[in-house]
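Beneath this line is the structure, given in C-alpha cells, with notes to follow.
Each value in this text was obtained by applying a stated rule to the coordinates, not by laboratory testing. Note that the coordinates shown come from a computational prediction; the quantities given were computed from them, not determined experimentally. Here Cβ is always computed from backbone atoms with ideal geometry, including for glycine, and neighbour counts include all displayed protein chains.
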Amino acid sequence: MAIQQTLILIKPDGLKRRLTGLSIDRLDASGLEMVAARVVSVSDALAREHYKSLSDKPFFANLIRYIRGEFHGFKDSRVLALVYRGEDAIKRVRAIAGATNPEQAEPGTLRGSFGRITTEGQFENVIHASSDPADAEREVALWFKPEEILAAPQG
Ligand code: IDP
Ligand code: MG
C-alpha cells in the first residue's frame, strides 16, 4: 500500500463546537502523521476552488456559505487545515470521518457522532477529508505551499 498525503479541514461547525482537539485525537490515534497545520481564513475564491466539482449541485451556494463560516457566526471565516501522511492515509482518514450524510455515518465516526443536518437541509459534518489520490493531491496543493509541509523522510 502506498504512502499518501490527505487534506483534512476542521470545518466551521467543528471549530465552533470545540471539536478540534477531539478530531486531532482521533487522527493521531490512527498512527498517521500530521505533517502540516494552518488556521485559514476561507476566501470566496478558495471555497469555490476547493468545491469546484460540486458547482452544479443545488446545495453549492449554501456549501460555500457553510465552509466560509457564515452559519457559525465567524465574521472572519476560518477552518483548521491539516495534512496527514501515511500508508493508505486517504481511506483511513475517510473512515475516521464517516459518510458524507451525518445521518448515514456510522456511530463512532466524527460525522456519525457530531454531524447534523440543519432544518434548512445543510449537512454540517464537522470535517473534510480528501476522497481519492487525485483530489488529495489537488487539495493539499490548494491549501498549502510545499514549504509548509514537513518533508517526507529520505531513502
Ligand atoms: P465528502 O465531504 O464526504 O467528500 P462531497 O460529496 O464531496 O462529500 O460533498 C462535499 C460537502 O458538501 C459535504 O461534506 C457536505 O458538507 C456537503 N454536501 C454534500 N452533499 C450534500 C447534500 O446532499 N446536501 C447538503 N450538503 C451536502
Ligand atoms: Mg468530497
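A crude spin-label estimate for the pair E70 and T100, with each label 7 Å from Cα along the Cβ direction, gives 2.1 nm. With a/c under 1.5 counting as rounded, go ahead and sort region 2-48 into rounded, prolate or oblate using the C-alpha gyration tensor (a ≥ b ≥ c being the square roots of the eigenvalues; past the cut-off, prolate if a/b is larger than b/c, else oblate). Judged from the Cα gyration tensor, region 2-48 comes out oblate (a/c at least 1.5, b/c at or above a/b).
Computed from backbone phi, the HN-Hα couplings of region 65-71 come to 5, 4, 5, 8, x, 5, 8 Hz, rounded to whole numbers (Karplus: 6.51 cos²θ - 1.76 cosθ + 1.60, θ = phi - 60°; Gly and Pro given as x).
Take region 86-142, drop everything but the C-alpha atoms, weight them equally and run the Debye formula without solvent; then report log10 I(q)/I(0) at 0.16 Å⁻¹ to two decimals. Each listed q maps to, in turn, -0.51.
Report the gain in length on full extension from E87 to S113: 0.36 nm times residue separation, minus Cα-Cα distance, nm rounded to one decimal.
Numbers: separation 26, 0.36 × 26 = 9.36 nm, distance 2.54 nm.
Result: 6.8 nm gained on full extension.
Global size of the chain: 14.8, 52 Å for Rg and Dmax (C-alpha atoms, Rg to one decimal, Dmax whole).
Helix 20-29 and the longest principal axis of the C-alpha atoms of the chain enclose an angle of approximately 30°.
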